[in-house]
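This report concerns only the one structure given below.
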Amino acid sequence: MLGAGVLWGCISLFVRALDAAGLSSMEISDVRMVVGAFGMLVVLLVVDPSMLRIRLRDLWLFFGTGVVSVTLFNVCYFTCISLSEASIAVVLLYTSPIFVVLMSALFFRERITRRKVVAVCLTFIGCVLVAGILGGQVVLPPMALAAGVASGFFYATYSIFGRKALERYDTLTITFCTFLMGMIASTLLGDPAHTIATALADPPLFLWYLGLGLFCTIMPYLLYTTGLKHLETSRAAILATIEPVVGSLLGIFVYGESTGVLKLTGMALILAAVVLVNLPAKDTHVSETR
């Protein structure tokens, strides 16, 4: 889970390069899904082609992971960024652990423990501080607020759909089908002709495409889905929130972005939440769905 969060946190390196090349946010999302889908297809053909077989009645699971959890998340997240600021969008996105904790209790009967509640609160407060929006005069349009919270919800649903799919399918199958569904949806919403033409005009961009698909798409989704086998869904979601810490550190050391006490405090709170959910001591639960 930590590995997935770290790799997702590195996505800004690729997004900034592709954005500077003239690709839109949706086109960048399409690149992720296309490279991810074809990359996973090659992996499955080499490892075990039989893993490509799925039951038609299970398509709803992969529609959930690929369209709901990935494509709709991207649309809402990018909409929030366009209507407000990236830092605000990040904070609203990381309402996702709250949704995961609640949905995990509802669908998987996971306990809502005091430790999880504290960890979720630390995570959200930490993201607010890392984003650096405190002390500013931020006016948030209602549509931006709705889109941001929706992005957190759709982001959270991957843990739910993915956990359910693991009951019947291997991690490799789930990851491939997720990218395939996401590729179909994002291609319809994006402009693949412009994406290809841009790279043909500047061939080194193809390396950025491959890097985005491999290091920030295939590998983290494989790690995250594998982690769902061994951890409670709610704990997994909290662990993955290491992502904004990594993103902030890259911003500070690679792009020379400003830092300060509030941002460093936010990172410390997120790391504290990660440590908290991994403490071995037993925890008294607040409520339990039976």
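Quick notes on this one:
- Report summary: the helix-based calculation at 222 nm, which adds -39500 (n - 2.57) for every DSSP H run with n ≥ 4 and divides by the residues of the chain, gives -22000 deg cm²/dmol.
- Cα-based Lys proximity count in the chain, under 25 Å, for pairs eight or more positions apart or on separate chains: 6
- Within the listed set Ile184, Ile174, Ile196, the Gaussian network model of the chain (springs between alpha-carbon atoms below 10 Å) gives the highest mean-square fluctuation for Ile196.
- Computed FRET value (nearest 0.05) for Phe206 with Leu52, which takes r as the C-beta separation and R₀ as 22 Å: 0.30
- Cα gyration tensor shape of the range 165-268, rounded if a/c is under 1.5, else prolate or oblate by comparing a/b with b/c: oblate
- Per residue solvent-accessible surface (Å²) - the range 108-220, probe of 1.4 Å: 47
- Carbon/sulfur fraction of accessible area - the range 28-178, other protein chains in place, 1.4 Å, %: 71
- Of the residues Lys263, Lys164, ranked by 1.4 Å probe accessible area with the largest first, the sequence reads Lys164, Lys263.
- Fully extending the segment from Leu102 to Glu167 would add 21.4 nm, taking 0.36 nm per residue of separation and subtracting the current Cα-Cα distance.
- The range 1-70 - accessible surface per residue (Å², probe 1.4 Å): 45
- Computed with a 1.4 Å probe on the full set of protein chains, the accessible area for Ile125 sits at about 90 Å².
- For the pair Val118 and Phe38, the difference between a 0.36 nm per residue extended length and the Cα-Cα distance amounts to 24.8 nm.
- GluC sites (Glu not before Pro), loop per DSSP, at most 15 other Cβ atoms within 10 Å - longest free stretch of the chain: 1-166
- FRET efficiency, Asp191 to Arg109 (Cβ-Cβ, R0 41 Å, nearest 0.05): 0.40
The values are calculated or read from the model by the stated rules, or taken from the named source; none is laboratory data. None of these values were measured; they are calculated from a predicted model. So basically every Cβ, Gly included, is an ideal-geometry build from the backbone, and we count neighbours across all protein chains shown. Ligands, DNA and RNA are excluded from the accessible area calculation, which covers all protein heavy atoms including side chains. Shrake-Rupley method; radii C 1.70, N 1.55, O 1.52, S 1.80 Å.
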